[in-house]
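The values are calculated or read from the model by the stated rules, or taken from the named source; none is laboratory data. Bear in mind the structure is a predicted one, so any value in this text is a computation, not a measurement. All Cβ positions, even for glycine, are placed from backbone atoms using ideal geometry, and neighbour counts span all protein chains on display. We work out accessible area using only protein heavy atoms, side chains counted, and drop any ligands, DNA or RNA first. Shrake-Rupley method; radii C 1.70, N 1.55, O 1.52, S 1.80 Å.
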Amino acid sequence: MTSTFFVTGTNTEVGKTYATAALLAAAAARGLTTAAIKPVASGCEQTAEGLRNGDALTLMEAMTQDLDYQQVNPVALEPAIAPHIAAMEAGKRLDASRLVGVCRGVISGKPDLVLVEGAGGWRVPLTPGTFLSDLPKEMELPVILVVGMELGCINHALLTAEAIRRDGLSLAGWIANFVRGPESQMSRADANLMTLKTLLPAPCLGVLPFDESGDYRQGAAHLNLDLLLSSPN
């Protein structure tokens, strides 16, 4: 039976891809088969094969299943701006239902674990009337929240958790990710972490220390996959 989760963040640049890839690596280390999807990605580069996104390529490296790039990242947008603006400029229409179909196609391959990584935070527009959060809503996916550990993260995390639950979805767990080095790390980090553990209505799946190398395999050792896979969600 495939376990599928949607991965969102408290904001952009909080390490969603690093955390997602670390979860995939932790699962692979236990002998599980894995797949990942980045339905919408802006900030792509032109290559001989077409537009390619660094986050999507990282997920392809971390997962065990061999998927075509278009299955992992069906909507690739070149400028590193809000996806709905990038799509409008490119003359593309972002359709949550189509993205749901791509996700279900990957899930039909029956890997043990599928992670669907969002873009930016929870309420990212696709069109003036739809949002990327409509995708996990339509699929009724439990959500993993990546919290970038920096000033303001408590407010961002609690508001995101409230929005997820208001949308009728469950928060399966959250990951604290230290996105800044020791010289610029948030003050009273331990106290902030304890506050989040007390107030967020889901288990902390792990605390990722700052990793200058960006090697998600190192992050895998800091995650408790049992807490996620034993979740009733």
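Structural remarks
- Residue that is surrounded by the most Cβ atoms within 10 Å (Cβ to Cβ) [pool: residues in the stretch 222-231 that are without any contact (Cβ under 8 Å) to a residue 40 or more places away in the chain and either part of a loop (DSSP other than H, G, I, E, B) or touching a helix residue (DSSP H, G or I) at 6+ places or on another chain (Cβ under 9 Å) (or both)]: 224
- Among the residues of the stretch 106-128, those identified as of a type outside the set (S, T, N, Q) and open to solvent by 60 Å² or more (accessible area, probe 1.4 Å) are 110, 123, 128.
- Within the stretch 14-46, the residues that satisfy the criterion of being surrounded by fewer than 20 Cβ atoms within 10 Å (Cβ to Cβ) and over 24 Å from residue 226 (Cβ atoms) are 43, 45, 46.
- When residue 128 is tested against (1) in contact with an Asp or Glu (Cβ under 9 Å, 6 or more places away or on another chain); (2) within 26 Å of residue 81 (Cα to Cα); (3) not hydrophobic (A, V, I, L, M, F, W, C), just one condition goes unmet, and that condition is (1).
- Per-region count, the stretch 1-59, residues farther than 22 Å from residue 137 by Cα, among the hydroxyl-bearing types (Ser, Thr, Tyr) and part of a loop (DSSP other than H, G, I, E, B): 1
- Note on the stretch 148-179: among residues that are part of a loop (DSSP other than H, G, I, E, B) and of a type in the set (D, E, K, R), the one that is modelled with the highest pLDDT is 167.
- Residues (among the acidic types (Asp, Glu) and assigned to a helix (DSSP H, G or I)) located in the stretch 60-71: 61
- Looking only at residues in the stretch 47-69 that are polar (S, T, N, Q) and either closer than 25 Å to residue 121 by Cβ or at pLDDT below 95 (or both), the one that is surrounded by the fewest Cβ atoms within 10 Å (Cβ to Cβ) is 58.
For (1) of a type in the set (A, V, I, L, M, F, W, C); (2) closer than 15 Å to residue 20 by Cα, each residue gets a yes or a no:
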position	(1), (2)
108	no, no
114	yes, yes
123	no, no
127	no, no
141	yes, no
145	yes, yes
149	yes, no
153	yes, no
159	yes, no
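- Which numbered condition residue 195 fails, given (1) in contact (Cβ under 8 Å) with a residue 24 or more places away in the chain; (2) within 26 Å of residue 54 (Cα to Cα); (3) among the polar types (S, T, N, Q): (2)
- Restricting the stretch 72-105 to residues that are more than 16 Å from the chain's Cα centre (by Cα), buried (at least 16 other Cβ atoms within 10 Å of the Cβ) and assigned to a helix (DSSP H, G or I) leaves a set whose member that is modelled with the lowest pLDDT is 96.
- Some residue of the stretch 191-211 being out of contact with any strand residue (DSSP E or B) (no Cβ under 7 Å at 6 or more places or on another chain), under 18 Å from residue 20 (Cα atoms) and either open to solvent by 70 Å² or more (accessible area, probe 1.4 Å) or not in a loop (DSSP other than H, G, I, E, B) (or both): yes
- Which numbered condition residue 11 fails, given (1) open to solvent by 10 Å² or more (accessible area, probe 1.4 Å); (2) touching a Lys or Arg at 6+ places or on another chain (Cβ under 6 Å); (3) not hydroxyl-bearing (Ser, Thr, Tyr): (2)
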